[in-house]
Amino acid sequence: MNKLKVFTAAQIRTMDPGRPEATAVAVSDGRIVSVGTLETMQPWLRRSPHEIDDSFADRILMPGFVDPHTHLRLSGTYMGLNYVGPINSTDRQGNRVEGIADRTAVIERLRALVAKREGQNTEPIVAWGYDPGMQQGHLDRTLLDAISTDVPLWVIAYAPHIVYTNTPMIELIGVNKDSRIHGLGRFPDGSLNGWFIETEATAVASRPVRKQLYRAGFGLEALELQGQVAVTSGVTTTADMIYGIESFEGEWDDHQQAIEGGLLPLRMLMVPFEGRLRKAFGDNFPEFYGTMKARATDRLALHGVKFVNDGSYPSMTLRLNFPGYLDGEEGLTGEVPWQDMVERMLPFWKNGIQIHSHANGDETVDMTLNTLNAMQNIAPRFDHRFTIEHYCISTPAQAKRLAALGGLASVNPYFVHYRSQIHADSGFGPDRSETTARLGSLVEAGATFALHSDYNLVVAPMHPLTAAWIAVNRLGGDGETVVAPGERISVERALRAITVDAAFVLRKDDVLGSIEPGKFADFTILDDDPFEVDPLNLKDIPIRGTVLGGEVNLAAES
């Protein structure tokens, strides 16, 4: 064993239920050797050369936060585009970009961009960030044609499940009313309304603007910027939940280069998108997993598979059971027909590859549970860790069924605070909006779950303490109304959901998620103890940085 480094702290919250508190942790070769006090670890210190690091003697250490569902690199495809979102954002250099209040202001912004093109080229104007819930309704072909019938307009929603286009852009894409593409939007008379919804249709819509989206170097730019966001938020591990959307090799290389160059102080798990995986490798996909296993490191590895089975919560394209949407919308399924889902998932199930199933609406949760039940009947498995991703709109009965089938949930709780009051009158109605992210029901059912952000593809931050604050308090956007108070959970359970339970969802709880001997020395550095502060102040605890494998990364403010 190499020299020991011993970090001391005012308090260490280990998330190990047997030894929950400590004031010192000894580290060697990137892993934890001993946890306790300087006195209890003397048997190690007497036998090994060591140094005491008191840098955090007045701070709180916790296991490094785990956000099990993000899209850090993909965010770089949008950060260099014309921003039309409702909240303040950043450009690819990290500079602040102001949000736009409503649809009228967005239309004026697009009109100004078109005006700058007068007498110049008619290359498409490409914009990102539109939010139909917060900006008072969807865009469509008619609204965009009123801006220009000469310059192609291409606007992708903040939750990138819808692309809005005008007539010149539709012509450039090369589709018409006779085209048959899953997710090609239409007006009631069958004519195209300018919408391209979900992965198959958005991929078609993106072909003419591919060079603008996937410009040279965007991946590394995004990973460097988002790596710093992660440090500031206390995140040490995350999973990219749509690996391969552009290029399996290119995306892997960007992450590897960013990690080796010190730009990305994170552990990254890359979760292939099933649609791209099938197109690239067909039925030979298990060989890809074997090849990538040989390339894996402690910092970068392949993990599981991702199915996208309905639309988006903020874009209001998810699938709902009765009574459905307020205004009669239906949402959209993913590319894989639901009647084929067992057949498509079963090869992964039989090969022991963990399945992550995107299901935002309760109708989709039902389908997903039916699929899991069918696979258990065909080929029973223990410890499969089949995970429903997002789990936004659900019922208590579904929580009990999920637990009975041995499934997990990776839940986006941010919508409770940032979206529920918006969608009470826009999309889902008050009942479903208030009960978004039923965490209390999952606790009652005995299901294990994690909290995630889906950053940077939804209108919410990547900030696990905010996720925990929302889960514990369930305050709406007005900062006063408690929505579905029975779905609140304890501070302890919320903190588990951003540490050891999140690691369990990613099948990494043997090496991550708690401060125990043998695990990676990954910590989050806090000013205050989350177990001691008023629960209403959880999100406001200053985060000073992270420790990754024993190496300190300080937040920019520190």
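For the stretch 367-396, give me the residue count where each residue is under 27 Å from E434 (Cα atoms) and out of contact with any Ser or Thr (no Cβ under 9 Å at 6 or more places or on another chain).
So the answer is 2.
Can you find a residue in the stretch 488-497 that is assigned to a loop (DSSP other than H, G, I, E, B), in contact with a Phe, Trp or Tyr (Cβ under 8 Å, 6 or more places away or on another chain) and either of a type outside the set (A, V, I, L, M, F, W, C) or buried (at least 21 other Cβ atoms within 10 Å of the Cβ) (or both)?
Yes; the residues of the stretch 488-497 include at least one that is assigned to a loop (DSSP other than H, G, I, E, B), in contact with a Phe, Trp or Tyr (Cβ under 8 Å, 6 or more places away or on another chain) and either of a type outside the set (A, V, I, L, M, F, W, C) or buried (at least 21 other Cβ atoms within 10 Å of the Cβ) (or both).
Which one is farthest from H138 (Cα to Cα) among residues in the stretch 173-198 that are polar (S, T, N, Q) and out of contact with any Asp or Glu (no Cβ under 8 Å at 6 or more places or on another chain)?
Filtering first and then ranking leaves S179.
In contact with a Lys or Arg (Cβ under 9 Å, 6 or more places away or on another chain), surrounded by 17 or more Cβ atoms within 10 Å (Cβ to Cβ) and farther than 25 Å from V25 by Cα, is that true of I470?
When the stated conditions are applied, I470 passes them.
Just give me the residues in the stretch 267-315 being closer than 25 Å to Y455 by Cβ, surrounded by fewer than 16 Cβ atoms within 10 Å (Cβ to Cβ) and of a type in the set (A, V, I, L, M, F, W, C), in sequence order.
A296
Test each condition in (1) in contact with a Phe, Trp or Tyr (Cβ under 9 Å, 6 or more places away or on another chain); (2) surrounded by 21 or more Cβ atoms within 10 Å (Cβ to Cβ) for V231 and report the one that comes out false.
Evaluating V231 over (1) in contact with a Phe, Trp or Tyr (Cβ under 9 Å, 6 or more places away or on another chain); (2) surrounded by 21 or more Cβ atoms within 10 Å (Cβ to Cβ) leaves (1) as the failure.
Quick one: is I259 surrounded by 22 or more Cβ atoms within 10 Å (Cβ to Cβ) and either within 21 Å of A409 (Cβ to Cβ) or at pLDDT 95 or above (or both)?
So I259 does not fit the description; no.
In the stretch 327-344, how many are part of a helix (DSSP H, G or I) and touching a helix residue (DSSP H, G or I) at 6+ places or on another chain (Cβ under 6 Å)?
The qualifying residues number 3.
How do the strands (runs of 3 or more DSSP E) wholly within the stretch 25-77 filter down when requiring 3 or more residues that are touching a residue at least 12 places away in the same chain (Cβ under 8 Å) and either small (G, A, S) or touching a His at 6+ places or on another chain (Cβ under 9 Å) (or both): which remain?
Qualifying strands (runs of 3 or more DSSP E): 65-70.
Kindly check whether there is at least one residue in the stretch 212-233 that is assigned to a helix (DSSP H, G or I), over 26 Å from L526 (Cβ atoms), of a type in the set (S, T, N, Q) and at pLDDT below 95.
Checked against the condition, which is being assigned to a helix (DSSP H, G or I), over 26 Å from L526 (Cβ atoms), of a type in the set (S, T, N, Q) and at pLDDT below 95, the stretch 212-233 yields at least one hit.
Of the residues in the stretch 535-547, how many are under 19 Å from A9 (Cα atoms) and under 21 Å from the mean Cα position of the chain (by Cα)?
3
Does any residue of the stretch 511-521 turn out to be outside any loop (DSSP other than H, G, I, E, B), in contact with a Pro (Cβ under 9 Å, 6 or more places away or on another chain) and aromatic (F, W, Y)?
The answer is no; no qualifying residue exists.
Can you tell me which residue within the stretch 299-316, out of those that are in contact with an Asp or Glu (Cβ under 7 Å, 6 or more places away or on another chain) and part of a loop (DSSP other than H, G, I, E, B), is nearest to F415 (Cα to Cα)?
P314
For the structure I just gave you, tell me whether L457 is outside any loop (DSSP other than H, G, I, E, B) and either under 20 Å from the mean Cα position of the chain (by Cα) or in contact (Cβ under 8 Å) with a residue 60 or more places away in the chain (or both).
When the stated conditions are applied, L457 does not pass them.
Pull out all pairs, ordered by first then second residue, where Cβ-Cβ is under 8 Å, the residues are six or more apart or on different chains, the first lies in the stretch 427-438 and is more than 12 Å from C392 (Cβ to Cβ), and the second is in a loop (DSSP other than H, G, I, E, B) and of a type outside the set (A, V, I, L, M, F, W, C).
G429/P323; G429/Y325
Of these, A222, A127, A216, A201, which one is small (G, A, S), surrounded by 20 or more Cβ atoms within 10 Å (Cβ to Cβ) and within 30 Å of E260 (Cβ to Cβ)?
A222
Among the residues of the stretch 104-122, write down those that are touching a helix residue (DSSP H, G or I) at 6+ places or on another chain (Cβ under 8 Å) and not polar (S, T, N, Q).
Hits for the stretch 104-122 are I107, L110.
Residue by residue, here is whether (1) of a type in the set (A, V, I, L, M, F, W, C); (2) in contact (Cβ under 8 Å) with a residue 60 or more places away in the chain holds:
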site: G185; (1), (2): no, no
site: D189; (1), (2): no, no
site: F196; (1), (2): yes, no
site: A205; (1), (2): yes, no
site: A222; (1), (2): yes, yes
site: Q228; (1), (2): no, yes
site: M241; (1), (2): yes, yes
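Is there a residue in the stretch 260-277 that is under 23 Å from G64 (Cβ atoms), in a helix (DSSP H, G or I) and out of contact with any strand residue (DSSP E or B) (no Cβ under 6 Å at 6 or more places or on another chain)?
Yes, because at least one residue in the stretch 260-277 is under 23 Å from G64 (Cβ atoms), in a helix (DSSP H, G or I) and out of contact with any strand residue (DSSP E or B) (no Cβ under 6 Å at 6 or more places or on another chain).
Determine, yes or no, whether V209 is in contact with a Phe, Trp or Tyr (Cβ under 6 Å, 6 or more places away or on another chain), closer than 23 Å to H358 by Cβ and touching a residue at least 40 places away in the same chain (Cβ under 8 Å).
Against the criterion (in contact with a Phe, Trp or Tyr (Cβ under 6 Å, 6 or more places away or on another chain), closer than 23 Å to H358 by Cβ and touching a residue at least 40 places away in the same chain (Cβ under 8 Å)), V209 does not qualify.
Among the listed residues F523, F428, F531, F504, which satisfies the condition of being modelled with pLDDT of 95 or more, under 18 Å from A409 (Cα atoms) and of a type in the set (F, W, Y)?
F504
Output the residues belonging to the stretch 297-336 that are among the aromatic types (F, W, Y) and over 21 Å from the mean Cα position of the chain (by Cα).
F322, Y325
The values are calculated or read from the model by the stated rules, or taken from the named source; none is laboratory data. Fair warning: this is a prediction, and the values are worked out from it, not measured in the lab. Because the Cβ atoms are built from the backbone with ideal geometry, glycine has one as well, and the counts that use them run over all protein chains shown.
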